[in-house]
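Step one of this worksheet: look at the structure below.
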Amino acid sequence: MDKLSYDYIPPSRVDLAREADLNLGRFCIRPSRRQVEADGEVQVVQRRVMQVLVALATSSSEVISRRELVVRCWGGLSVSDDAVDRCIGQLRRLASGWTDPPFKILTIPGVGYRLEPAAVGATSASSSSVRRAYRPRMAVLPFTTLSPDPAQGYLAEGIVEEIVTSLSLFTTFEVVSAGAGIIVEGRNLTPREAARELGVDYLLDGSVRRDGERIRVTVHLIDAPTGTELWADRVEDAGGDVFAIQDGVAERVAGALEAMVEDIRLAAASRRPPADHDSYDVLLRAMDLFRFPGKAPMLESIELLERAIALDPQFAVALGHSVVCHRQVVDHEWSDDIEMFRRRGLAYAQRALAAAPRDARVVAHVAAGVSGLDDRLDRGLALAQEAISLNPASAFVWLISGSVRLRAGEPELAAAHLERSLRLDPISNRSGFARMYLASARFQQRRFEEALALFRTTTHRLPLSHAILASLHGHLGELEAARRELANFERSEAGPLEKYVRTWFPEARYRRLFLDGLSRAEGQGSPQSPALGRAR
């Protein structure tokens, strides 16, 4: 390496923690996370390689010399030419991993290197319009052993391994294996430093304490860029069964994180301008609207999903969620062209399964949708069971299976599946749907007081909920509340009540239970509701 001249003012060294994100055409560099993104695909690179990339991208001159690279990336230390060549070679291999390389690194003989971003219009027609969802990355760090006996470390290692295995079944985020987390073991790193080492968005750490037969496991989810704790939980067991503890902790953590990360990303997306939203951001907005039952929110949700699918035609989760929304339109007759929604919903179901046949979340969405779109409950039940087998740690698939079982006239099995969903995810926004459906199952089990208590724990209300609440209050002799709920149903643009009776109460005994409650609500000399009269 050439000796620095006395009048040479060395450029500043690349400090990845302080470097701002860079956008070069269709190529984005996130230095603090060691991530590069093009066409919706994200790659994580080594620290030194990222420093070289940032130096190339931020050079004040078009060409950066080898000497300047050494100063900016190695602090002026004496390094071999091979070290620089290896970093340049890795960056070139990185670029070639895309069908349309987002950048080139040109060698200028005798001078240095130049980074040349691909022009925005230089991509192929298929890739230039695609803006795929960004999958956040999560690292599970080694858990701390707080037991007096250091030999108990095997228990913490086993818990981490089981958590990583369970989380790897989810497509909402990408999980860094426990092996990658070992590189920070024994080092006193801050969350930001650990995140930079691993190139992740979230960190999951925890501790394990064993005192005789009692085992306590505490876990924390940390936002890597800020170091803020987003969620924490504690699991205790006095049985002493190590394997059961490991499985139980892994299942509970995985089930909670699936919905928690979704809620966090929705909040983040709501703070960004719509022009900056990728396909997943748009999906999250659609899912948020889905929580507000009614014709207008549902049709708006479908419009947003159409945007997400346009950004990424192979976005299986958006396709699957759209299937469910189309079923809602068909169920409630919220269109003058029901057959169009039926056909398009079934077409999206086929596309979703073709794009992601092993994604439990997608399979579950399709299970919920086809149950009402083609009146094939057998197919919906089979798909729900397949989703469970693909990811038994997902609270969402148990929620969907419970709702499909309820529609099939199986309240006992529906209740068991919904209870499993709530054990995995007791607090997220989505858990309100599980409590709502579980309340409906408890009604059919004639556990009226419990059903009413569950309804009161959530504000989620589908039109069906108002009808069941009307019947429930009727059975409990609360006639004024029953009539109020029946009026709420009739105002909900829900379509004919008789259709609900056929759809959600296929078993004669449950249908009689439902109608008897409505009859009691409308007894005592009150005029009979037109909706109830048609339902008989």
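The values are calculated or read from the model by the stated rules, or taken from the named source; none is laboratory data. As the structure is a computational prediction, the values presented were derived from the model and not from experiment. As a convention, Cβ positions derive from the backbone with ideal geometry for all residues, glycine included, and neighbour counts pool all protein chains shown.
Within the stretch 337-381, how many residues are of a type in the set (F, W, Y) and in a loop (DSSP other than H, G, I, E, B)?
Step one: of the stretch 337-381, the residues of a type in the set (F, W, Y) are 341, 348.
If we keep only those that are in a loop (DSSP other than H, G, I, E, B) too, we end up with none.
Selection size over the stretch 337-381: 0.
A quick yes/no check of all residues on (1) surrounded by fewer than 18 Cβ atoms within 10 Å (Cβ to Cβ); (2) farther than 24 Å from D331 by Cα; (3) in contact (Cβ under 8 Å) with a residue 12 or more places away in the chain; (4) of a type in the set (K, R):
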| site | (1), (2), (3), (4) |
| --- | --- |
| E412 | yes, no, yes, no |
| R423 | yes, yes, yes, yes |
| G432 | yes, no, yes, no |
| R442 | no, no, yes, yes |
| E498 | yes, no, yes, no |
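Of the residues A467, A482, A487, A494, which is at pLDDT 85 or above and either part of a loop (DSSP other than H, G, I, E, B) or closer than 21 Å to G372 by Cα (or both)?
On the way: A482 fails: either part of a loop (DSSP other than H, G, I, E, B) or closer than 21 Å to G372 by Cα (or both); A487 fails: either part of a loop (DSSP other than H, G, I, E, B) or closer than 21 Å to G372 by Cα (or both); A494 fails: at pLDDT 85 or above.
Exactly one of A467, A482, A487, A494 is at pLDDT 85 or above and either part of a loop (DSSP other than H, G, I, E, B) or closer than 21 Å to G372 by Cα (or both), namely A467.
Taking the condition surrounded by fewer than 20 Cβ atoms within 10 Å (Cβ to Cβ), among the hydroxyl-bearing types (S, T, Y) and without any contact (Cβ under 8 Å) to a residue 60 or more places away in the chain, does S335 pass? Break it down stepwise before answering.
On the way: surrounded by fewer than 20 Cβ atoms within 10 Å (Cβ to Cβ): yes; among the hydroxyl-bearing types (S, T, Y): yes; without any contact (Cβ under 8 Å) to a residue 60 or more places away in the chain: yes.
So S335 fits the description; yes.
The rows are residues; the columns are (1) over 24 Å from the mean Cα position of the chain (by Cα); (2) in a loop (DSSP other than H, G, I, E, B); (3) modelled with pLDDT of 80 or more.
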site	(1), (2), (3)
L204	no, no, yes
I215	yes, no, yes
T218	no, no, yes
W231	no, no, yes
Q246	no, no, no
V261	no, no, no
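Of all residues in the stretch 497-522, count the ones that are of a type in the set (A, V, I, L, M) and modelled with pLDDT of 90 or more. Reasoning before the result, please.
First, pick out the residues of the stretch 497-522 that are of a type in the set (A, V, I, L, M): 497, 501, 508, 513, 515, 518, 521.
Narrowing the set further to residues that are modelled with pLDDT of 90 or more leaves 508, 513, 515, 518.
Here the count works out to 4.
Scan (1) at pLDDT 90 or above; (2) within 30 Å of D336 (Cβ to Cβ); (3) surrounded by fewer than 17 Cβ atoms within 10 Å (Cβ to Cβ) for the single condition R534 breaks and write down its number.
(1)
Does the stretch 340-347 contain at least one residue that is aromatic (F, W, Y), touching a residue at least 24 places away in the same chain (Cβ under 8 Å) and not assigned by TED's automatic domain parsing to the domain that holds W504? First the steps, then the outcome.
Of the stretch 340-347, the ones aromatic (F, W, Y) are 341.
Now drop any that are not touching a residue at least 24 places away in the same chain (Cβ under 8 Å), which leaves none.
Among the residues of the stretch 340-347, not one is aromatic (F, W, Y), touching a residue at least 24 places away in the same chain (Cβ under 8 Å) and not assigned by TED's automatic domain parsing to the domain that holds W504, which makes the answer no.
Basic (K, R) and either at pLDDT below 90 or surrounded by 21 or more Cβ atoms within 10 Å (Cβ to Cβ) (or both): does that describe R461?
Numbers: basic (K, R): yes; either at pLDDT below 90 or surrounded by 21 or more Cβ atoms within 10 Å (Cβ to Cβ) (or both): yes.
Taking the combined requirement at face value, the residue satisfies it.
Taking the stated definitions as given, is G179 modelled with pLDDT under 75, in a loop (DSSP other than H, G, I, E, B) and farther than 17 Å from P136 by Cα?
Details: modelled with pLDDT under 75: yes; in a loop (DSSP other than H, G, I, E, B): no; farther than 17 Å from P136 by Cα: yes.
Answer is no for this residue.
Identify all residues within the stretch 57-71 that are crowded, with 23+ Cβ neighbours inside 10 Å and under 41 Å from the mean Cα position of the chain (by Cα); write none if there are none.
L69, the sole residue that qualifies.
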